[in-house]
1. In the range 191-206, which residue that is over 17 Å from residue 112 (Cβ atoms), of a type in the set (Gly, Ala, Ser) and touching a residue at least 40 places away in the same chain (Cβ under 8 Å) is surrounded by the fewest Cβ atoms within 10 Å (Cβ to Cβ)?
2. Restricting to the range 55-75, name every residue that is open to solvent by less than 10 Å² (accessible area, probe 1.4 Å) and either in contact with a helix residue (DSSP H, G or I) (Cβ under 7 Å, 6 or more places away or on another chain) or closer than 14 Å to residue 202 by Cα (or both).
3. Does residue 84 meet the test of being surrounded by fewer than 18 Cβ atoms within 10 Å (Cβ to Cβ) and in contact with a helix residue (DSSP H, G or I) (Cβ under 9 Å, 6 or more places away or on another chain)?
4. What are the residues in the range 121-130 that are outside any loop (DSSP other than H, G, I, E, B) and open to solvent by 10 Å² or more (accessible area, probe 1.4 Å), if any?
5. Run down 97, 93 and say which single residue is assigned by the TED database to the domain that holds residue 250, open to solvent by 10 Å² or more (accessible area, probe 1.4 Å) and at pLDDT below 95.
6. Could you tell me whether the range 158-181 includes any residue that is open to solvent by 30 Å² or more (accessible area, probe 1.4 Å), of a type in the set (Val, Ile, Thr) and touching a strand residue (DSSP E or B) at 6+ places or on another chain (Cβ under 6 Å)?
7. Of the residues 151, 118, only one is charged (D, E, K, R), farther than 19 Å from residue 55 by Cβ, out of contact with any Leu (no Cβ under 9 Å at 6 or more places or on another chain) and open to solvent by 20 Å² or more (accessible area, probe 1.4 Å); which?
8. When you scan the range 229-238, do you find a residue that is among the small types (Gly, Ala, Ser), open to solvent by 20 Å² or more (accessible area, probe 1.4 Å) and touching a helix residue (DSSP H, G or I) at 6+ places or on another chain (Cβ under 7 Å), even just one?
Amino acid sequence: MRILSSLTRAAALGVAAVLAATTLTGCGDDAAGAADNPYGLLQPGVLRAGTLTDAPPNVYLKDGRFTGFDNDLLVAVAQKVGLKVEFVGTDFSALLSQVNNRKFDVGSSSITITEARKKTVDFGNGYDFGHFGLDVPAGSSITGFDQLAGKRVVVVQGTVQDDYATGEGLDPVRVPDYNGAINQLKAGTADAWIAPAEIGDSSAAGSGGKITVAATLLSPAPTAYAVAKGNDKLREALDKGLDEVIADGTWSRLQAQYYPGRPIPADFTPGSGTVPVPSASVSASATS
């Protein structure tokens, strides 16, 4: 019996030693994983970004490549913190929930910061301002936002333009993407489209004279990249990278490239506001 008891104790000690070693190894793997992936990305070293394919000059697909001001800026920001960007197209109405559910690490789509959206995602520092544009079919008598009552107004679902139209009591027609809004104007099934002004300008210019811009209105808040709630390390890294691309002139150069001649409001400062913003002319010569 004593021999069996000794064997039993020895076996138990052996099992305990194996479990302890396994636990220590697991902790080591967790620590190594955290060191290799400090921002909690879906793939270490790669920033998976949800974006749109049809909203130039902000975010769009050209020759099989995601580009536009927001996306080109994000690539530059990510490089500053040692990350590559992988873009994936989606609908704006689903983007914020997809970011918070960790389908994407970040959302890049001229996302205006609002209190309602802060309940779903966290935002970095603002990197751009914007205006609402009022696009109408050519020949329309509509010349301002104050003439939309009783009209068939189209908006992209979930955007701040949707919020604006709803707040003004317009009962807007909601579509999932910008092409849907443009097609409604071209077909004459909508009287007006409330759009991000730069996207509205680009759409009118490319419509072959079927769409015109009737008016613009300053957007109430800046745009920013969105990350999952609580992912402070990624948000802080992107804020750091943003300040660096502002300081080195990249931000100004991309502004001049995608929004030539667009004046910057006196009360808007991109990023943390602690770094100087070079002029477009200076940054172009510094980075060419």
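The values are calculated or read from the model by the stated rules, or taken from the named source; none is laboratory data. Remember, it's a predicted structure, so these values are computed and weren't measured experimentally. Because the Cβ atoms are built from the backbone with ideal geometry, glycine has one as well, and the counts that use them run over all protein chains shown. Side chains are part of the model used for accessible areas, which takes the heavy atoms of the whole protein and leaves out ligands, DNA and RNA. Shrake-Rupley method; radii C 1.70, N 1.55, O 1.52, S 1.80 Å.
1. Among residues in the range 191-206 that are over 17 Å from residue 112 (Cβ atoms), of a type in the set (Gly, Ala, Ser) and touching a residue at least 40 places away in the same chain (Cβ under 8 Å), the one surrounded by the fewest Cβ atoms within 10 Å (Cβ to Cβ) is 202.
2. Across the range 55-75, the qualifying residues are 55, 58, 59, 68, 69, 73.
3. Spelling it out, residue 84 is indeed surrounded by fewer than 18 Cβ atoms within 10 Å (Cβ to Cβ) and in contact with a helix residue (DSSP H, G or I) (Cβ under 9 Å, 6 or more places away or on another chain).
4. Listed by number, the residues that qualify are 122, 123.
5. Of 97, 93, the one residue that is assigned by the TED database to the domain that holds residue 250, open to solvent by 10 Å² or more (accessible area, probe 1.4 Å) and at pLDDT below 95 is 93.
6. Checked against the condition, which is being open to solvent by 30 Å² or more (accessible area, probe 1.4 Å), of a type in the set (Val, Ile, Thr) and touching a strand residue (DSSP E or B) at 6+ places or on another chain (Cβ under 6 Å), the range 158-181 yields at least one hit.
7. 118
8. no
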